[in-house]
Amino acid sequence: MAEVAIKSQDFRLKAWLLDDSPGSALQARLGRFYLGWRAFARNPLAMTGLAIVLALVIAAIFAPWLSEASPLEQALERRLEPPSAAHWLGTDPFGRDILSRILHGARITLYIVLLVTLLSAPFGLVVGCVAGYFGGWVDRALMRLTDVFLAFPKLILALALVAALGPGVENAVAAIALTAWPPYARIARAETLVIRESGYIDAARLQGASGARIIWKQVMPLCTSSLIVRVTLDMAGVILIAAGLGFLGLGAQPPEPEWGAMIAEGRRFIIDQWWVATMPGIAILIVSLGFNLLGDGLRDALDPRQR
């Protein structure tokens, strides 16, 4: 009886979510979310990407409990030990456990990704929506500024900015964020050019809504889904740029367990002690692949043209 009751409740909940005539805005939003999740869950590669990203988050949160070894404490008597039961991924030139350093390095990677996203995505969204909605000289000025940043390769511009600001995680985040926002502005502008010609935008103008209110309440929410997809796909590039800066000594500074810096430390031993540089490289590969798979899945689930 209990199982029948649970199935009946699930059926009623599903019918409520899929109701063609929702009784409230919350019901409509939850229904759209349910349809998007159902489309996303049918994609095994997207679910694999989600699992990898969740594993990264879990590793970052529970790093001290997943590995008891200190990521910073040196023990030269066990330097360059190969993978074993004592050290699953081996040790580095200073005798530090590589698994522990990779797990704690996930915190730095996640910190960089989140900060870059929080800084660049909203800024690019605002610039693109304002340019697309007002048009004219506002559009020309903002898009020429965007073109200036797009004219330089991201990594080269990030290297120049970090060289000017100085090495460090915060400066690396600022440099990457300054190079990441232009594509988001382009996407938001393209979406806004279509949205501003819609009938409900004209209705909002006739009701006396200001341009700022229309952009905030009407335009920006409709641009969010495309922006989320692009942000997720760009996270792999952010990780690679951050690792490149760390490899060159411009990101996190020793002895912080940043993955790019770990590869730089192990490049001298790549022939005989291959695990020192290979293990953090595999971590970068897996996490970048996870974000790409997640982004592809979100694109298929959120963009009706891809269904």
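The values are calculated or read from the model by the stated rules, or taken from the named source; none is laboratory data. Being a predicted model, the structure only gives us computed values, none of them experimental. Glycine also receives a Cβ, built like all others from the backbone with ideal geometry; neighbour counts cover every protein chain displayed.
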| note | All conditions in (1) at pLDDT below 95; (2) out of contact with any Pro (no Cβ under 9 Å at 6 or more places or on another chain) are true of ILE52 except (1)
| request: Of all residues in region 121-156, count the ones that are surrounded by 15 or more Cβ atoms within 10 Å (Cβ to Cβ) and aliphatic (A, V, I, L, M). | output: 10
| remark: Inside region 84-107, the number of residues satisfying the requirement of being part of a loop (DSSP other than H, G, I, E, B) and either more than 27 Å from the chain's Cα centre (by Cα) or farther than 10 Å from VAL276 by Cα (or both) is 11
| task | Go through TRP137, TRP181 for me and flag whichever is more than 24 Å from the chain's Cα centre (by Cα) and either assigned to a helix (DSSP H, G or I) or closer than 16 Å to PHE247 by Cβ (or both). | result | TRP137
| Among (1) in contact with a Pro (Cβ under 7 Å, 6 or more places away or on another chain); (2) part of a helix (DSSP H, G or I), where does GLN253 come up short? | (2)
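Just one of ALA2, ALA28 is surrounded by fewer than 13 Cβ atoms within 10 Å (Cβ to Cβ) and modelled with pLDDT under 75; which is it? I'd like the intermediate steps shown before the answer.
On the way: ALA28 fails: surrounded by fewer than 13 Cβ atoms within 10 Å (Cβ to Cβ).
Result of the check over ALA2, ALA28: ALA2.
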| How many residues does region 17-48 contain that are in a helix (DSSP H, G or I) and either closer than 19 Å to GLY297 by Cα or not basic (Lys, Arg) (or both)? | 22
| said: If I ask for residues that are of a type outside the set (Val, Ile, Thr) and either in contact with a Phe, Trp or Tyr (Cβ under 7 Å, 6 or more places away or on another chain) or buried (at least 21 other Cβ atoms within 10 Å of the Cβ) (or both), which ones from region 184-206 would you list? | reply: TYR184, ALA185, ALA188, ARG189, GLU191, ARG196
| remark: All conditions in (1) within 16 Å of GLY95 (Cα to Cα); (2) free of Cβ contacts under 8 Å to residues at least 40 places away in the same chain are true of GLU256 except (2)
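Name every residue in region 193-208 that is under 24 Å from ARG140 (Cα atoms) and in a loop (DSSP other than H, G, I, E, B), in order of residue number.
Of everything in region 193-208, those that are under 24 Å from ARG140 (Cα atoms) and in a loop (DSSP other than H, G, I, E, B) turn out to be ARG196, GLU197, SER198.
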| remark: Taking region 60-75 and keeping only residues that are loosely packed, with under 13 Cβ neighbours inside 10 Å and part of a loop (DSSP other than H, G, I, E, B), one is left with PHE62, GLU68, GLU73
| said: It is to be established whether one or more residues within region 223-243 are small (Gly, Ala, Ser), in contact (Cβ under 8 Å) with a residue 60 or more places away in the chain, in contact with a Leu (Cβ under 6 Å, 6 or more places away or on another chain) and not in a helix (DSSP H, G or I). | reply: no
| request: Starting from region 201-218, take each residue that is under 19 Å from ARG189 (Cα atoms) and list its partners that are among the charged types (D, E, K, R), counting only C-beta distances under 8 angstrom and pairs at least six apart or across chains. | output: ILE214/ARG205
| Looking at region 217-273, which of the residues that are over 19 Å from ARG107 (Cβ atoms) and among the acidic types (Asp, Glu) is modelled with the lowest pLDDT? | ASP272
